[in-house]
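Q: A single structure is presented below for examination.
The values are calculated or read from the model by the stated rules, or taken from the named source; none is laboratory data. Quick caveat: nothing in here was measured; it's all calculated off a predicted structure. Here the Cβ positions follow ideal geometry from the backbone for every residue, glycine too, while neighbour counts run over all protein chains shown. All accessible areas refer to the heavy atoms of the entire protein, side chains included, with ligands and DNA or RNA removed. Shrake-Rupley method; radii C 1.70, N 1.55, O 1.52, S 1.80 Å.
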Amino acid sequence: GKKGGGSSDAGGGAEAEAALVRHRPDLILLDIGLPDTDGVALCRRLKELDTERDTRIIFVTSYRDQEREEAGFEAGCVDYILKPVSPPLVRARVAAHLAQVRASVLENSYRDAILMLAHAGHYNDNDTGAHIWRMAAYARVLAIACGWDDDAADRLELAAPMHDTGKLGIPHTILRKPAPLDEAEWVIMRTHPAIGHAILSQSRAPVFQLAAEVSLRHHERWDGAGYPGGLAGDAIPLAARIVTLADVFDALSMRRPYKDPWPVDRITDYVSANSGKQFDPELVRRFMQVLPQLLEIKRRWDGAD
């Protein structure tokens with residue numbers, strides 16, 4: 001079925017190439033034994049023409065040798081169906097692969113939304129795109145150090161860049177003020193975690209639910225002196241504690257218009273001095289353990305600001 005709905009049949013290699021360009025199908029059933037071309041070579045050609053890299057090719061074949069099967073996968077096919085074909089089997093295999101296509105499209109939509117929200121949250125301040133994605137990479141390393149599995153750490157890496165989404169509700173005169181905020185302005189600034197939570201919690205998707213939680217709690221402090229809830233210790237979600245530390249580490253290590261990057265030893269002294277105050281002491285310990293990984297990420301990103 002092509003992306004606009006329906007299906008198309010092609011009798012040979014040339015017709016298959018024309019059909020791919022014309023219809024941009026989600027999936028192609030390709031008989032290796034076409035009359036005018038080698039099926040493996042055609043598969044390779046079709047993948048070259050597939051500039052969006054999202055068309056899946058399933059071989060239908062009577063060949064059963066491993067060498068030919070390996071050649072097909074190397075050429076870019078995703079599955080084999082052996083002749084004689086069973087219609088129910090074909091329908092089931094096609095449905096499974098189309099479900100994966102839909103899931104991939106949905107995941108890309110999530111990533112697009114995350115990218116836009118992350119940049120929108122920083123639109124009126126001095127943070128750059130490099131900062132939010134570098135900080136997210138730090139958060140992932142810290143999550144793994146805390147024993148999170150890869151899927152959970154990946155979700156946090158996607159959620160972390162949205163932690164300042166609530167700044168959308170803060171006047172740009174406050175975000176861009178070239179002098180320290182006065183108390184009345186701080187009252188307004190301290191509303192951004194709740195604003196971000198209100199925006200992000202509209203989605204039931206796990207990544208946005210996590211982002212909503214991080215948004216609400218990323219200015220809480222281990223000693224209870226943070227905002228908006230004055231939570232202390234383990235009452236602060238671990239995801240928010242991780243993002244807080246990752247965000248501070250990156251903010252101190254990056255160049256800003258008003259400051260040079262801090263050297264590593266000054267940053268670690270600051271983090272250590274605030275263990276048990278701003279930061280979770282156990283998280284600080286794990287931060288020190290993975291510091292070489294964090295510095296390697298920083299090295300790869302240097303020059304992106």
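Q: All but one of (1) within 25 Å of the chain's Cα centre (by Cα); (2) farther than 17 Å from ALA137 by Cβ; (3) in a helix (DSSP H, G or I); (4) free of Cβ contacts under 8 Å to residues at least 12 places away in the same chain hold for SER203; which doesn't?
A: (3)
Q: Search segment 95-135 for residues being in contact with a His (Cβ under 8 Å, 6 or more places away or on another chain) and not β-branched (Val, Ile, Thr), and hand back the single one that is modelled with the highest pLDDT.
A: Residue satisfying both the conditions and the ranking: HIS131.
Q: On to the next question. Residues of segment 271-282 being open to solvent by less than 50 Å² (accessible area, probe 1.4 Å) and either over 23 Å from TRP301 (Cα atoms) or at pLDDT below 95 (or both), which ones?
A: Within segment 271-282, ASN274, SER275, GLY276, GLN278, PHE279, ASP280 meet the criteria.
Q: Now a separate question. Only one of (1) outside any helix (DSSP H, G or I); (2) surrounded by fewer than 17 Cβ atoms within 10 Å (Cβ to Cβ); (3) at pLDDT 80 or above is not met by GLU74, so which one is it?
A: Failed condition: (1).
Q: Additional query: Scan segment 254-287 residue by residue and report those that are within 20 Å of ALA160 (Cβ to Cβ) and either hydrophobic (A, V, I, L, M, F, W, C) or in contact with a helix residue (DSSP H, G or I) (Cβ under 6 Å, 6 or more places away or on another chain) (or both).
A: Passing the criteria: MET254, ILE267, VAL271, PHE279, ASP280, LEU283, VAL284, ARG286, PHE287.
Matching residues to (1) open to solvent by 60 Å² or more (accessible area, probe 1.4 Å); (2) touching a Phe, Trp or Tyr at 6+ places or on another chain (Cβ under 9 Å):
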| site | (1), (2) |
| --- | --- |
| LEU245 | no, yes |
| PHE249 | no, yes |
| ASP269 | yes, no |
| VAL284 | no, no |
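Q: Separate question: In segment 253-305, how many residues are among the aliphatic types (A, V, I, L, M) and touching a Lys or Arg at 6+ places or on another chain (Cβ under 7 Å)?
A: Selection size over segment 253-305: 2.
Q: Hey, GLN66 hits all of (1) modelled with pLDDT under 85; (2) more than 17 Å from ILE32 (Cβ to Cβ); (3) of a type outside the set (Gly, Ala, Ser) but one; which does it fall short on?
A: Among (1) modelled with pLDDT under 85; (2) more than 17 Å from ILE32 (Cβ to Cβ); (3) of a type outside the set (Gly, Ala, Ser), GLN66 violates only (2).
Table: residues versus (1) without any contact (Cβ under 8 Å) to a residue 40 or more places away in the chain; (2) surrounded by 16 or more Cβ atoms within 10 Å (Cβ to Cβ); (3) assigned to a helix (DSSP H, G or I).
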{"site": "PRO161", "(1), (2), (3)": "no, yes, yes"}
{"site": "ILE188", "(1), (2), (3)": "yes, no, yes"}
{"site": "PRO193", "(1), (2), (3)": "yes, yes, yes"}
{"site": "ARG221", "(1), (2), (3)": "no, yes, no"}
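Q: Filter segment 164-184 down to residues that are open to solvent by 50 Å² or more (accessible area, probe 1.4 Å) and part of a helix (DSSP H, G or I) and give me whichever is modelled with the lowest pLDDT.
A: Filtering first and then ranking leaves HIS172.
Q: Has segment 136-156 got any residue that is over 15 Å from LEU115 (Cα atoms), at pLDDT below 95 and open to solvent by less than 20 Å² (accessible area, probe 1.4 Å)?
A: No, there is no match, as no residue in segment 136-156 is over 15 Å from LEU115 (Cα atoms), at pLDDT below 95 and open to solvent by less than 20 Å² (accessible area, probe 1.4 Å).
Q: Hey, another quick one. With respect to LYS47, is the statement that it is basic (Lys, Arg) and at pLDDT 70 or above true?
A: yes
Q: If you don't mind, there's one more thing I want to ask. Can you tell me which of ALA10, ALA92, ALA16 is modelled with pLDDT of 85 or more and either open to solvent by less than 80 Å² (accessible area, probe 1.4 Å) or under 30 Å from PHE208 (Cα atoms) (or both)?
A: ALA92 is the lone residue from the list that is modelled with pLDDT of 85 or more and either open to solvent by less than 80 Å² (accessible area, probe 1.4 Å) or under 30 Å from PHE208 (Cα atoms) (or both).
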